[in-house]
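One structure is given here, and the rest of the page talks about it.
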Amino acid sequence: MRVVLLGPPGAGKGTQAERIKDKFRLTRIATGDLLRETVRRGTSLGRQAQDFMLRGRLVPDRVILALMRDKIREGVSGFILDGFPRSITQAEKLDKLLEAENKKLDLVINLEVNHNEMISRLKGRVICPECGRTYNKDEFVDQPLICKDCGTHLSQRSDDNPDAIEERLKVYLRHTLPLVDYYKGKGILRSISGKGSPQGVFQRIVDLLYSPGSIGI
Ligand code: AMP
């Protein structure tokens, strides 16, 4: 099964992609995580990406595609894509990469959340720099911001600041939202409400994947 998870920043793509990966034994390919890792390692690709990320802009396609090409080929028997594609051009490139392997996408899950919820999630988001687990500050009233899995001190992502958040939302509306119609046209888009608890949203995704006429798992 080859699945894309779409949705605005703060929709919960990372959290849900991780759960889908575990339950359906897929490879999770998350461009944001790959890029942050590349930046941490200080590689040439990382240096090219860093500035765009800090400002909330899209990293140029040549950098993204250099990063994704092999990952897609390696994971082609079953993957969940999180954060890619983010534009029609990237979606067309993805189709071509899959075509070359005689494969195609099975499903695109579009996570829907409203504007206020998105902003409050992004502003409250803290992550574990060690294991990548994501939390909301509200979960830690009067408690230290420490990862419940590995005990590492949690921090905010450098692009979860008001200016970068505003830019990411603009970028989403301009470049990524058109993908909803692109995949609707291909008949593989299903929209799911991203409101509520991570467990509640995940249950809706599982129900969708097991529903008759879905992708036959
Ligand atoms: P994310 O972790 O998915 O929110 O991504 C963080 C940042 O990485 C984005 O704001 C972009 O700057 C960059 N990024 C992630 N995925 C892509 C992509 N497919 N195309 C271009 N830039 C990306």
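The values are calculated or read from the model by the stated rules, or taken from the named source; none is laboratory data. These figures come from a predicted structure and were not determined experimentally. With ideal geometry, Cβ positions are generated from the backbone for all residues, glycine too; neighbour counts draw on all protein chains shown. Calculation scope for accessible area: heavy atoms of the full protein, side chains included, ligands and nucleic acids excluded. Shrake-Rupley method; radii C 1.70, N 1.55, O 1.52, S 1.80 Å.
Okay, here's what the table says:
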quantity: The range 141-200, dipole about Cα centre (Lys/Arg Cβ +1, Asp/Glu Cβ -1), debye to the nearest 20; calculated: 480
quantity: Value of relative contact order over the range 95-217, rounded to a whole percent, pairs C-alpha under 8 Å and six or more apart; calculated: 29
quantity: Considering only the chain, percent of DSSP beta bridges that pair antiparallel, nearest 5; calculated: 25
quantity: Under the Karplus curve 6.51 cos²θ - 1.76 cosθ + 1.60, θ = phi - 60°, whole-Hz ³J(HN,Hα) for the range 193-199, x wherever Gly or Pro sits; calculated: 6, x, 7, x, 6, x, 5
quantity: The chain - mean residue ellipticity at 222 nm from DSSP helices (-39,500 (n - 2.57) per run, n ≥ 4, rounded to 500); calculated: -14500 deg cm²/dmol
quantity: Heavy-atom accessible area per residue - the range 128-217, 1.4 Å, Å²; calculated: 60
quantity: For the chain: span of alpha carbons on each principal axis (Å, largest first); calculated: 51, 41, 31
quantity: Extension gain, residue 180 back to residue 115 (0.36 nm per residue minus Cα-Cα distance, nm); calculated: 21.7 nm
quantity: Most positive-pole-ward Cα, 164, 34, 202, against dipole of the chain from beta carbon charges; calculated: 34
quantity: Full-extension gain in nm, residue 161 to residue 130, via 0.36 nm per residue minus C-alpha separation; calculated: 9.1 nm
quantity: Share of carbon and sulfur in the accessible heavy-atom surface of the chain [1.4 Å probe, %]; calculated: 48
